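Beneath this line is the structure, given in structure tokens, with notes to follow.
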Amino acid sequence: MKALYFDHFGDNSVLQYGDLPVPQITADEVLVKMKYIGLNFADIYRRKGNYHLEPHLPYINGYEGLGTIVKLGENVTELKCGERILFVDVPLANAELVAVPLTHVIKVPPEIDDKLAAAIGLQGLTADFLAHDLAQSQPGERAFIQGISGGVGQILLQMLTADGIQVSGVTSTRKKQELAFKQGASHVYLRTDQWAEQLCDTFATVFDGVGSTLKQSLALAKHKGQVVFFGMAGGNPTKVDPLALLEHSKSILTGDLWDYLSSRSERQSRFERLASYFISQKIVINEPQCFPLSEGQKAYAFLESGSSNGKILMECR
Ligand SMILES: NC(=O)c1ccc[n+]([C@@H]2O[C@H](COP(=O)([O-])OP(=O)(O)OC[C@H]3O[C@@H](n4cnc5c(N)ncnc54)[C@H](OP(=O)(O)O)[C@@H]3O)[C@@H](O)[C@H]2O)c1
């Protein structure tokens, strides 16, 4: 099979496309022929050697995608060859064929097409756990999103809005600002402006997946408010003094989606909750940007350039 792989950590030039052996499945796994593979910020951390990565020689990045079952392990009785499935936490996914444990299989409702399902898998389930497990904002509350027009940001904005929360945020360009307004944001600031100094409002919840902005996020949270810290797309945060949090009764909540995906039914019910927002058109996202897997280097470079305003997928043709 063809795969995108690397044998040492580094910049984009370490990625190679070529032939590797087909994965062997166990009795509790299915073999999936991939159609779309999702690319995420974490794949860049992994390629650089800064994040947990499945031991494998050579390394194969990627943990999410959509495809068709082509082989069943002997204990798998509830699935059939030819069924389409999605997964968001299975290693070695930058490849034409992936061994997927039955516990990690997500069935996609028929109303959601292949490209949309692949585009919303990890970012959508992340937005869902940030909103519903961590923040648990109540209707009428006000929230702020750092990186409101990123992949997670766009879904989170529309999900919170549909849940009755008033959402503001910050982004980098006028085009992304317009998009966030269209998606329901009440105030959208431009990163290049001196917006934070002029802002008098504070928020019950501030969502921060940018990282380098954590100190600012804490300042934007009101007394008894919370910051939901979930990533470092803009760089590592500076250290936080717990006494400063105590003084204003502020909290930092944090978490990794994978700790919340603890069983097959947990994965399936969370995806169905997410899909319901898309089926009812409460969330609409930009068309994902697709690159052939053979041009995976270009896909990684595009993500790293910061020019994307939606999901990046690699396609097996
Ligand atoms: N905790 C979890 O379980 C979990 C799961 C999935 C993802 N994540 C994290 O979620 C974050 C967002 O992921 P994503 O897939 O949505 O990525 P994405 O689509 O590439 O979005 C990245 C966002 O970060 C913003 N950003 C990047 N560099 C910045 C900087 N220097 N200053 C301010 N803002 C900056 C971008 O703002 P502009 O669009 O305005 O440029 C964009 O909104 C990442 O940190 C990722 O690691 C966490």
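The values are calculated or read from the model by the stated rules, or taken from the named source; none is laboratory data. Quantities reported herein were computed from a predicted structural model and do not represent experimental measurements. With ideal geometry, Cβ positions are generated from the backbone for all residues, glycine too; neighbour counts draw on all protein chains shown. Just so you know, the surface numbers come from the protein's heavy atoms only, side chains and all, with ligands and any DNA or RNA stripped out. Shrake-Rupley method; radii C 1.70, N 1.55, O 1.52, S 1.80 Å.
Observations on the structure shown:
- For Arg317, the conditions (1) within 16 Å of the ligand (Cβ to nearest atom); (2) open to solvent by 60 Å² or more (accessible area, probe 1.4 Å); (3) not β-branched (Val, Ile, Thr) all hold with the exception of (1).
- Among all positions in the stretch 117-131, there is no residue which is free of Cβ contacts under 8 Å to residues at least 60 places away in the same chain and in a loop (DSSP other than H, G, I, E, B).
- Checked against (1) within 13 Å of the ligand (Cβ to nearest atom); (2) within 20 Å of Gly255 (Cβ to Cβ); (3) among the aliphatic types (A, V, I, L, M); (4) not in a strand (DSSP E or B), Ala196 meets all criteria but (2).
- Qualifying residue in the stretch 281-301 (condition: more than 15 Å from the ligand (Cβ to nearest atom), over 18 Å from the mean Cα position of the chain (by Cα), surrounded by fewer than 19 Cβ atoms within 10 Å (Cβ to Cβ) and part of a loop (DSSP other than H, G, I, E, B)): yes
- Selection status of Glu54, at pLDDT below 95, among the charged types (D, E, K, R) and open to solvent by 20 Å² or more (accessible area, probe 1.4 Å): yes
- Single residue of the stretch 149-180 satisfying the filter (within 21 Å of Leu122 (Cα to Cα) and part of a loop (DSSP other than H, G, I, E, B)) that is modelled with the highest pLDDT: Asp163
- Gly231 vs. criteria over 17 Å from Arg142 (Cα atoms) and surrounded by 18 or more Cβ atoms within 10 Å (Cβ to Cβ): yes
- Exclusive hit being in a loop (DSSP other than H, G, I, E, B), near the ligand (Cβ under 10 Å from one of its atoms) and in contact with a strand residue (DSSP E or B) (Cβ under 8 Å, 6 or more places away or on another chain), set Val228, Val210: Val210
- Residue, farthest from the ligand (Cβ to nearest atom), within the stretch 213-225, restricted to residues that are open to solvent by less than 30 Å² (accessible area, probe 1.4 Å) and assigned to a helix (DSSP H, G or I): Leu218
- Those residues of the stretch 98-146 which are under 13 Å from the mean Cα position of the chain (by Cα) and open to solvent by 10 Å² or more (accessible area, probe 1.4 Å), in sequence order: Leu122, Gln123, Thr126
- Test: residue in the stretch 262-277 that is among the aliphatic types (A, V, I, L, M) and either part of a loop (DSSP other than H, G, I, E, B) or touching a His at 6+ places or on another chain (Cβ under 7 Å) (or both): no
- Screening Arg84 with (1) open to solvent by 10 Å² or more (accessible area, probe 1.4 Å); (2) under 23 Å from Val152 (Cβ atoms); (3) in contact (Cβ under 8 Å) with a residue 12 or more places away in the chain gives one miss only, at (2).
- Residue match in the stretch 10-26 (condition: crowded, with 18+ Cβ neighbours inside 10 Å and acidic (Asp, Glu)): no
- Within the stretch 302-312, considering residues that are touching a Phe, Trp or Tyr at 6+ places or on another chain (Cβ under 8 Å) and part of a helix (DSSP H, G or I), the one farthest from Pro109 (Cα to Cα): Phe302
- The condition of being surrounded by fewer than 22 Cβ atoms within 10 Å (Cβ to Cβ), outside the structural domain of Phe144 (by TED's automatic domain parsing) and more than 16 Å from the ligand (Cβ to nearest atom) holds for only one of Ser251, Ser265, that being Ser265.
- Tally of residues being crowded, with 19+ Cβ neighbours inside 10 Å and out of contact with any Phe, Trp or Tyr (no Cβ under 6 Å at 6 or more places or on another chain) across the stretch 66-75: 3
- Residues of the stretch 1-48 satisfying the condition of being among the β-branched types (Val, Ile, Thr) and either more than 23 Å from Ile69 (Cβ to Cβ) or at pLDDT below 95 (or both): Val14, Ile44
- Cβ pairs under 8 Å, 6+ apart, first in the stretch 178-201 and touching a residue at least 40 places away in the same chain (Cβ under 8 Å), second of a type in the set (Lys, Arg): Asp201/Arg142
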